[in-house]
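Okay, structure first, notes after.
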Amino acid sequence: MYDDNNVFAKIIRGEIQTNKVYEDEEVLAFHDICPVAPVHILVIPKAPYKDYIDFITNATSQKISNFFTAILVIIDKLNITESFRLIMNKGTNSGQSVFHFHAHIISGKTLIGLINE
Ligand code: AMP
């Protein structure tokens, strides 16, 4: 069940301010409040999907395509096409803490190791 009191739902409704880097009709991207690298952007669909499975299962192919194309536009805009990492956490054990589907774009430093254990 999607909970519309999550922080990203509040950002979409304009109740919490963010440092936006991209917006279109379906997608919003903004700087992570607690960056783990010089570039740390969160990309979210504006529609209410709680995680990757919810999004891929219930969004239309066009909306899924638009979301991932928007990520490419953002990467291009930030001039980080040479090197970046995309992360989509699903579930508490993966590290998901906000239950509105999102992708992290991380770049700007050498990333060593796939995960921190
Ligand atoms: P995850 O742990 O994959 O669910 O990622 C959630 C991310 O949201 C974390 O990296 C947080 O730092 C980030 N975050 C939480 N609240 C805000 C906010 N108000 N503005 C920007 N980023 C946020």
* Select from the range 35-117 those trypsin sites (Lys or Arg not before Pro) which occupy a DSSP coil region and have at most 14 other Cβ atoms within 10 Å, ordered by residue number. => Lys109
* Asked: Taking the Cβ-Cβ separation of Asn79 and Glu23 as r and a Förster radius of 22 Å, what is the calculated FRET efficiency to the nearest 0.05?
  -> 0.70
* Asked: By how many degrees, 0 to 90 and rounded to 10, does the Cα axis of helix 61-77 deviate from the longest principal axis of the chain?
  -> 30 degrees
* Structure fact -> With +1 at each Lys and Arg Cβ and -1 at each Asp and Glu Cβ, the charge dipole magnitude of the range 1-60 around its Cα centre, to the nearest 20 debye, comes out at 140 debye
* Asked: How big is the charge dipole of the range 28-93 about its Cα centre, in debye rounded to the nearest 20, if each Lys and Arg gets +1 on its Cβ and each Asp and Glu gets -1 on its Cβ?
  -> 140 debye
* To do: Sort all Cα-Cα distances of the range 1-48 into consecutive 10 angstrom bins from zero, then give the percent of pairs in each bin up to the one containing the longest distance.
  => 26, 55, 18, 0
* **For the chain, size of Cβ-based charge dipole, Lys and Arg +1, Asp and Glu -1, in debye** => 120 debye
* Return the Rg/Rh value of the range 8-110, two decimal places, where both radii are evaluated on C-alpha atoms and Rh is the Kirkwood radius. => 0.93
* Name the lysines eligible as straight-distance cross-link partners of Lys63: C-alpha to C-alpha under 27 Å, and not fewer than 8 places from it in the same chain. => Lys10, Lys20, Lys46, Lys50, Lys77, Lys90
* Structure fact -> Computed over the chain, the relative contact order (Cα-Cα under 8 Å, seq sep at least six) in percent reads 31 percent
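Can you tell me the FRET efficiency between Asp3 and Asn58 if r is taken as the Cβ-Cβ distance and R0 is 22 Å, rounded to the nearest 0.05?
The pair Asp3/Asn58 has a calculated efficiency of 0.85.
Bear in mind that the values in this text are calculations on the coordinates, not laboratory data. Predicted model, so just to flag it, every value in this text is computed and none were measured. Glycine also receives a Cβ, built like all others from the backbone with ideal geometry; neighbour counts cover every protein chain displayed.
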